[in-house]
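J.: Below: one structure in structure tokens.
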Amino acid sequence: MINPYLNLNLNLDLNLDLNLNLNLNLNLKLNLNLNLNMSTAIKVENLSKIYRLGEIGTGTISRDLERWYKTKLLGKEDPFLKIGESNDRSKKGASDIVYSLKDINFEIEQGDAVGIIGRNGAGKSTLLKILSRVTTPTTGRINIKGRVASLLEVGTGFHPELTGRENIYLNGAILGMRKKEIDRKLEEIIDFSGVERYIDTPVKRYSSGMYVRLAFAVAAHLESEILIVDEVLAVGDAEFQKKCLGKMGEVSKGEGRTVLFVSHNMAAVKGLCNRSVILGNGLVVFEGDTNSGVDYYLHSNKFNGFIGHYENEIIKETGFLSIFLNDKNNIIRTEFGYDELIIIRIKVNVAEKHLNAYVGFRVIDRNECIIFTSEIKLSTEIKSPGLYGFEVKLPVKFLVPNSYRLTFGIHIPNNEMIDYLIECLSFEIVETGSDFHIYGNADFGRIIVDLPWNLIN
């Protein structure tokens, strides 16, 4: 016979357990929401990456074993880090072990759009590869919250023998998405990429532009929490670049996803990103808001490799003593925004016999195209020999974003070359928001002329 008191006690105990579980679930949901609202998407701590020049890794199995034994078993410092040098390409190093990245530290909050800025070789692509888990860091650690979709190089993550449609499913599977989830996004991806006609063609037959179109569409539309985009958008046409930038803005601001964007187009970075990280020679040289970052990048001559001044210690009878590239604040610069004033300050010594000479300069771009020449006859400005200074202002919004070299000369036409400085100065115009930047890398010539447009009707 069953004891009724026993049944009653059992029921009470069961009810207590159910209440306890319910309260526990509520607490878990509350904590999860708090973490999502105050989330750090990416945290990088003391990150370094070294390479042995000319070799893979540290070179040999014996050296790899030596490194493992001393660091893992003995707990000592990595022996190869002691002789590693900074990644300064302008200097000849004494060691064949180079830091591509050294002691990198930063945090990125969920929903941030961050521009990674730096000159070629600064370590940008290496950093993105580590964050994408394509390669591993030598030292340090990274904490990433969420799935990462990367667009690093043309064709990265695509199997050449598979069709475009099959590669969409492959990339989705790599991100951990179910087939039904990919099915929901499939038509949207195909429509955005603009390669619908060739979606069932093996991607090995795609052009580089088609590769990029489909790869970006996949990375942007599949449900990853973090989107990493390197400079591969430069391969696409102007219309698609504009479309991609708009999508990245939508992903970051509208969907709350985290975006890391590498570009040399400062206008695109300013338009898309709310934060910036600037790398120079493998080091973080700036971290903060984008406007301040772009300004820092443009005003820093430490890592750009251009020449902003010339000085001659030997005073010639007639010749150049000094030439400076200055901004409006009289600071020597070699990088200027599209809308910044460039001032060339020239100091010359002139002998009496050369008062009828001409002094001038020529501007040449990186494609060896002569952009323009400017000169003046000395006798129109001076009447006696001596030391003179001249100032020439290049118009604002005149030169298109490009790199330029300057050649200076003092001469008597068809008679005598008195002094000649071949490409003694160089500078760069950086895209910071020209009238044509919305069209991407389209070629608009060498100069932009602000001509008057008069309405006649």
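Derivation of every value follows stated rules applied to the coordinates shown; laboratory data play no part. Bear in mind that the values here come from a model prediction, so they are computed numbers and not experimental data. Here the Cβ positions follow ideal geometry from the backbone for every residue, glycine too, while neighbour counts run over all protein chains shown.
J.: Give a quick list of trypsin sites (Lys or Arg not before Pro) in the range 258-323 that DSSP marks as loop, anything other than H, G, I, E or B, with at most 16 other Cβ atoms within 10 Å.
T.: Listed in order of number, the matching sites are LYS302, LYS316.
J.: Obtain the nm distance between the two label points defined at GLU287 and ILE370 by a simple spin-label model: each point lies 7 Å from its Cα along the Cα-to-C-beta direction.
T.: 5.0
J.: Also: Starting from the Kirkwood Rh over alpha-carbon pairs, what translational D in µm² s⁻¹ does the range 112-175 have by Stokes-Einstein at 25 °C and 0.890 mPa s?
T.: Taking Rh from Cα pairs, D becomes 177 µm²/s.
J.: Could you work out how far apart the two model spin labels at LEU186 and THR40 are, taking each label as a point 7 Å from the Cα in the direction of the beta carbon, and quote it in nm?
T.: 4.1
J.: Fewest Cβ neighbours within 10 Å first, please rank LYS185, LYS43, LYS353 accordingly.
T.: Fewest-to-most Cβ neighbours within 10 Å comes out as LYS353, LYS43, LYS185.
J.: Write down the radius of gyration of the range 309-439 and its Dmax, each obtained from C-alpha positions, in Å.
T.: 15.7, 53
J.: Exactly which GluC sites (Glu not before Pro) in the range 338-378 are in a DSSP loop and have at most 13 other Cβ atoms within 10 Å?
T.: Hits after loop and neighbour filter: GLU368.
J.: Tell me, in nm to one decimal, what length is gained between TYR420 and SER208 on full extension, where the rule is 0.36 nm per residue of separation less the Cα-Cα distance?
T.: Result for the pair: 71.9 nm of gain on full extension.
J.: To one decimal place, what orientation-averaged projected area in nm² is obtained for the convex hull of the Cα set of the range 284-343?
T.: That works out to 5.5 nm², a quarter of the Cα hull's surface.
J.: Could you tell me which of the pairs LYS316/LYS347; LYS180/LYS243; LYS102/LYS270 are separated by over 19 angstrom between their Cα atoms in the structure shown?
T.: From LYS316/LYS347; LYS180/LYS243; LYS102/LYS270, over 19 Å: LYS180/LYS243; LYS102/LYS270.
J.: While we're looking at this one, here's another question. Based on the inverse mean of 1/r over its pairs of different Cα atoms, what is the Kirkwood hydrodynamic radius of the range 130-213, in Å?
T.: Kirkwood radius, the range 130-213: 14.2 Å.
J.: Moving on to the next point. Please work out, to two decimal places, the log10 of the ratio I(q)/I(0) at q = 0.10, 0.15 Å⁻¹ from a Debye calculation in which every Cα of the range 169-309 carries one identical scatterer.
T.: The Debye formula, applied to the Cα set alone, gives -0.42, -0.83.
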